[in-house]
Amino acid sequence: MKRFFSGLRKKATKTAGKDDDRFGTGLWRHNRDRFIRAVDRYYTTAVALHEARDSDGSATSRAASANADETSDGEVTAASAKDPVDVIVDGTHRLNALVEVVDDLTATLHTRFPVTGQVVPGPARQAVGDAPELLTKASSKVGEAVLAASMARSEVPTGRSIDSSAEATVRFITDAEELLGRAREILARVEEP
């Protein structure tokens, strides 16, 4: 058993070494790791919510159908009929795309402005502007999406509507996308000749 775990440790060390080369060990790596941990928590919560819904006999699906809006001719609108659990699970796809954005941002920041600690030095700080704060806020927004998904997960067994929690996850993920978009704009200005 001891050999099994030591083999895992070696693999983790090799991956960590590659990540150290690409993202550094300072602030940029910290921001990247924080974002990825938040995405992992969201994924875990979404999967648990999906499994709870399936084991509960689609209680939330019935609630979604009951809350569906009908047009004047009796057709159900697609957006309001979407199961809120599926809305939350769909957030995992959006977050996976954002992981690539964060990877690109932090790798570029590390290449252009290597930082070993948690503070960006003066000249580099002027160049990167609010990018560190935007990365931190994006991670926080994903954390808020995790909390909203967790609230939904706690409501499923009670049979209460989780529509507001699903809407909140969408809003928080959209906020994270916008924050990362602003960070990309800053970085694009820095890279202009």
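Each of H93 and A124 was given a label point 7 Å from its Cα along the Cα-to-Cβ line. The distance between the two points is 3.8 nm.
Note on segment 85-171: dipole from Cβ charges, positive end direction compared against T106, A152, Q118; the farthest Cα belongs to Q118.
For segment 75-193, dividing the convex hull volume of the Cα atoms by the residue count gives 116 Å³ per residue. When a/c is below 1.5 the answer is rounded, else prolate if a/b is larger than b/c, else oblate, so apply that to segment 93-137 with a ≥ b ≥ c taken from the square roots of the Cα gyration tensor eigenvalues. Prolate. The Cβ shell under 12 Å around M151 holds other residues with a net charge of -2, Lys and Arg each +1, Asp and Glu each -1.
Since every read-out is calculated from the coordinates, none of them should be taken as a lab result. Since the structure is predicted, the reported quantities are computational estimates derived from the model, not experimental observations. Using ideal geometry, Cβ is built from the backbone for each residue, glycine included, and neighbour counts are taken over all protein chains shown.
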